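Presented below is the structure to which this report refers.
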Number of protein chains: 4
Amino acid sequence: MASFANEFGPHAPEVTYVAHAFDEHLFDTGEIEINYVTTGDPSRPALLLIPGQTESWWGYEAALGLLADHFHAFAVDLRGQGRSSRTPGRYTLDMMGNDLVRFIDGVIGRPTIVAGLSSGGVLAAWLSAYAKPGQVVGAYYEDPPLFASEVRPAVGQGIRQSIGPLFALMAKYLGDQWSVGDWDGMVAAVPDELPAWMGMVAGAFGMGEGGPPQPLKEYDPEWGRAFWTGTFYGSGDHERMLGSVKVPVLFTHHLRIIDEATGALMGASSDLQVSRVRQLITNAGQPFAYVSLPSAPHPLHSHDPQLYVDTLTTWATSLPNGPGT
Amino acid sequence: MASFANEFGPHAPEVTYVAHAFDEHLFDTGEIEINYVTTGDPSRPALLLIPGQTESWWGYEAALGLLADHFHAFAVDLRGQGRSSRTPGRYTLDMMGNDLVRFIDGVIGRPTIVAGLSSGGVLAAWLSAYAKPGQVVGAYYEDPPLFASEVRPAVGQGIRQSIGPLFALMAKYLGDQWSVGDWDGMVAAVPDELPAWMGMVAGAFGMGEGGPPQPLKEYDPEWGRAFWTGTFYGSGDHERMLGSVKVPVLFTHHLRIIDEATGALMGASSDLQVSRVRQLITNAGQPFAYVSLPSAPHPLHSHDPQLYVDTLTTWATSLPNGPGT
Amino acid sequence: MASFANEFGPHAPEVTYVAHAFDEHLFDTGEIEINYVTTGDPSRPALLLIPGQTESWWGYEAALGLLADHFHAFAVDLRGQGRSSRTPGRYTLDMMGNDLVRFIDGVIGRPTIVAGLSSGGVLAAWLSAYAKPGQVVGAYYEDPPLFASEVRPAVGQGIRQSIGPLFALMAKYLGDQWSVGDWDGMVAAVPDELPAWMGMVAGAFGMGEGGPPQPLKEYDPEWGRAFWTGTFYGSGDHERMLGSVKVPVLFTHHLRIIDEATGALMGASSDLQVSRVRQLITNAGQPFAYVSLPSAPHPLHSHDPQLYVDTLTTWATSLPNGPGT
Amino acid sequence: MASFANEFGPHAPEVTYVAHAFDEHLFDTGEIEINYVTTGDPSRPALLLIPGQTESWWGYEAALGLLADHFHAFAVDLRGQGRSSRTPGRYTLDMMGNDLVRFIDGVIGRPTIVAGLSSGGVLAAWLSAYAKPGQVVGAYYEDPPLFASEVRPAVGQGIRQSIGPLFALMAKYLGDQWSVGDWDGMVAAVPDELPAWMGMVAGAFGMGEGGPPQPLKEYDPEWGRAFWTGTFYGSGDHERMLGSVKVPVLFTHHLRIIDEATGALMGASSDLQVSRVRQLITNAGQPFAYVSLPSAPHPLHSHDPQLYVDTLTTWATSLPNGPGT
């Protein structure tokens, strides 16, 4: 992997330059360059799509075609992802959230519906709490690991009892900015260094012998390290954040299983955790729409773009200035 | 509280000098002085009693009378507790564990059954894993917060979802070595700074308007801070420790309730956590005796000394060189 | 102090409402309210003034009168300071920096010269590195604790060897949001809990028997805790930040003494640290103007407003669109 | 390196089984096995030799021959070193110190002079402060990184400004227990990931293209990670420890250079740091013998065994029951 690893610097690595169905653009936030695409008519409601960890904007490629009928949609790469900048030592929720505040300001330029998957869903939550007044009109949290991605959460399983060991493994064998790049060593270590129940999850991440799948090539493993050590959230406690939500929320909750023997969470968040999310947002005076899809895979938007778009669009019509209103 | 606070230095504070039914002795470990009492005939099996956090050796006062028929019993104050030394900046599980290793060496001088409550139960676990060869013949964990007192445990609720906020509150308003000593401020802050379900727990700790009860006067609140921040366990992960247990274990499991709304643990450890304890100790090849007492209060030994002594003695007879064998 | 302490909630405490020579305004960032004043003609260059820790905007009150002849000046209270919002659990450099990004956007609305004292000088540095493109045209760092306020700095003394113990003391005895409020206990603890050389510094902060001076009443001691524990800088290493500076910098360096016996730094930053600052900014391609004022007190702008204004104005005329050009 | 890495488990790796001039023995502490050798007549004063980090007992091989004329000498491998146990997750100063307390108890069995190099010198300091009463009669600190190996030291450069980046590099590319084992990647990363002044140091550690030298093969890189992150010292602040020293101390101080541009410390501790060590030990009432050897390399005992033995022996004769008295 050495030659592959060496391609990575502060900028997006060469390996991210694969062809896509949408033209990519760069936006300068002052600190980083954000790579993004856009589609749909500017007369429609603005929609910002935020990928999950180990995904890039083009995870939305199929959905974008469908969304174009309802929204003026933008899909971005976050720092450390896709063709956006690598920022060694600087991966936190607050940094990424403010990157998007600047993106909405500088590129979209009007009130926006934000929708994100997984870590991107936590960013949607951050924006729903802390964006500038008027920037966000509604937020769709697509299967977000609220509480479950924290080191010491207020409620339920934390990162050690959910996806954390997998992030730690990637961070160790791949290294910040792929500096170590020992893919084969990582795959070989799965049986010894991950809990048994995570083997399946590792498979879902493509951690097999054929070499890294494209999304992982485009991912800076330092993200995972920042989650495992807790620096990602720093002073960004989820309970406090959710108590500050200022706009209507849609939450879709996908496959989640509690491992009986260990209590570990296979999935993004538990029912208990979602019930606390609901309570906090409701107490903050905001509408909370909840859709349980217990058999849906984590990234609904790529696995079932039509269901994703229908769910999002139906909810969005209820928002002030939503589509079709 | 200022005058009270000022009494505290590196040595045990004056306020600990209240009368007891047993003579107290001091043992010099090289770093600290351990205060202890002893009773029973030296011909009987040796038994070391380790109090819980916010308790002193004399929590065992009633039990000691009964234990004297079966054991040569020793009850100690840990560092930061009772009349043992205060050690600012130095409160960890490994330090306290090695204090007891030296105590067994220097005072007891022969193979010993160890029994501890709560944090003292975690110390019993530490001794069952890491004491010198031959020092410990069996360990009784009395309602220990295994996993539940860790910041990021392998299984179940961690310190934030169990007793932690209470320790944090005491540490804040009382200060290391009672240097702040604002008892009234602490009591007044209970409704605002503790989760609702903890109010009852705070009452059980005597956190009311009448001023600090004697056990809290004898307690260095820096302990609680060390638990809340995680420095107490430092490199002492419970999962790893329990996988190293080398002697038979008795575990009594007392009142525990999971708060339905928050998932918080009222009690020392959950059924799930105990099931992982059992698995780890059994995998380590050691007998694991479990007694569920779901209606017993946390400190069984002081609330029902007879039941405590009967339970301990019955189990101990099964040990090599146990009582009555 | 209890009644005083109880006045503090998430909003600015009542005690901050003292009369000033300038009208105060509130700006909503989306997360917090920023209190600010403004003076000078909008046709002049925009200038943002950022107070130091334990100061409020009105530390600039005397300077503002003089600055009005050259600039359109704005002076703000940061979160946790003066009449701006209190944000329990949320005090980091990145948060405060982005508060100011939004303030420049929403209130000033054009390219701005930023000038800050002490912690405010670190914020000026942050803005010079990470603000939006075009927001900042030059940055004046007034005696900033670069490196010296970090827990593990790249160069020279860190927070433990400079002002840190004082912040820790205030945080302990006053508590987050003044929740403990034990001023007298704090004053009494100075001789025991601070290094000898800090006694003088404590005096300079007004930590005496007459009760808290007005600036400390307006200060949330949680700031100090965030510096002491390192959460304030989180993922904001100074070396990395200074390597990203994008505009010309003025650095005034005031009284600094190295205590011979301990190597402790009395002052904001050492000559060695400033030399590294210069190297990093110069390597980043930016002009670095340095003025050594070894006999000037830390807050030059309030102690010698004329010298402050002259120094700032002279440098600013060299900037594109600076005053008088 | 994969096959090499895979040899490592909890026990000493196969690669440590190279021939030596002394017979090796194993001692069971209860938690780990300590590998050691012994020489000299039991009628002579007992001497415990503690190697430095990235060294094993046999760094003393040449010195042992000379020491045998004066002492009954024991040289050990610490946990994570040589043929002693690997203890994943459990590398702290207090653990290693208590390992040696048990070793003195169980193997030496009488009052002992302790002498250690570098990290082993910090352990000699720990023993001089915290061992059992009577175990230690004098302590020789051979070029120890007091303060300089801490994350946030009381005095002078911390780990980031001294050897830390080198330990971090080894930990990253070799992994805990050599699980990553990418020697070539590490060597290639030296120019990019280490400060320029460390290149020479890296060479001294044998970090070149010929593959790992024997001492590094015998070293668990998790040690280095524990130093870099600070978990090694946990609740073991050096200032506090040195204030508790209870026996006479010899300190030899070898090559040390302050890099003028960065203030970084090339060497184990600075003159300022040693002056604070002297002050603390003297205040604690103990004799402090200091020998400055500014041109001696860090491991004097292997580079100039005769000078090492002469220095140690001369000092030791001044101790109660020292050699030749």
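Rule-based calculations on the coordinates, nothing more; no lab input. Quick caveat, the model's predicted, so the values are computed rather than measured. With ideal geometry, Cβ positions are generated from the backbone for all residues, glycine too; neighbour counts draw on all protein chains shown.
A few comments on the model shown:
- Here the range B:234-318 is described by how far its Cα atoms reach on the three principal axes: 36, 33, 22 Å, from widest to narrowest.
- Number of partner chain Cβ atoms within 10 Å, mean per residue of A:153-162: 5
- Summed over all non-identical Cα pairs, the Kirkwood treatment of the range A:20-121 gives a radius of 13.4 Å.
- Computed over the range B:14-57, the Cα gyration tensor eigenvalues convert (square root of 5λ each) into semi-axes of 20, 15, 12 Å, ordered from largest to smallest.
- Eligible lysines near D:Lys132 by straight Cα distance, threshold 30 Å, same-chain separation 8 or greater: B:Lys132, B:Lys217, B:Lys246, D:Lys246
- Largest to smallest principal axis extent of the C-alpha atoms in the range D:128-267, angstrom: 48, 36, 24
- Directionally averaged shadow of the protein assembly as shown, computed from the convex hull of its alpha-carbon atoms, nm²: 46.6
- Inter-copy label distances at D:Arg278 (7 Å, Cα→Cβ; nm, one decimal): 3.3, 6.3, 7.1
- Computed log10 I(q)/I(0) for the range A:201-282 at 0.18, 0.26 Å⁻¹: -1.10, -1.21, from the Debye equation with unit scatterers placed on every C-alpha and solvent omitted.
- Among B:His238, B:His253, B:His20, the largest mean-square fluctuation in a Gaussian network model of chain B (Cα springs under 10 Å) belongs to B:His20.
- Taking a ≥ b ≥ c as the square roots of the eigenvalues of the Cα gyration tensor, the range C:269-325 is oblate, since a/c reaches 1.5 or more and a/b is not larger than b/c.
- From largest to smallest, the equivalent ellipsoid semi-axes obtained for chain B from the alpha-carbon gyration tensor read 28, 24, 18 Å.
- Net charge of neighbours whose Cβ lies under 10 Å from the Cβ of C:Pro297, counting Lys and Arg as +1 and Asp and Glu as -1: -2
- Calculated diffusion of the range D:250-294, Stokes-Einstein form, Kirkwood radius summed over Cα pairs, 20 °C and 1.002 mPa s, µm²/s: 189
- Inter-copy label distances at B:Gln214, using a point 7 Å along Cα-to-Cβ, come to 5.3, 6.4, 7.4 nm with the shortest given first.
- Among D:Gly164, D:Gly138, D:Gly243, the largest mean-square fluctuation in a Gaussian network model of chain D (Cα springs under 10 Å) belongs to D:Gly243.
- In this rough spin-label picture, where each label sits 7 Å from Cα along the Cβ direction, the A:Ala196-D:Val291 distance is 5.9 nm.
- Each label was represented as a point 7 Å from its Cα along the Cα-to-Cβ direction; for C:Ser318 and C:Arg278 these points are 1.3 nm apart.
- The DSSP beta bridges internal to the protein assembly as shown are antiparallel in roughly 30% of cases.
- For D:Ala19, the distances from its label point to the matching points in the remaining copies are 6.6, 7.6, 9.5 nm, ordered from shortest, with each point set 7 Å beyond Cα toward Cβ.
- When the alpha carbon gyration tensor of the range C:88-145 is reduced to an equivalent ellipsoid, its three semi-axes come out at 17, 15, 9 angstrom, largest first.
- The Kirkwood radius of the range C:116-185, taken over pairs of alpha-carbon atoms, gives through the Stokes-Einstein law at 25 °C and 0.890 mPa s a diffusion coefficient of 177 µm² s⁻¹.
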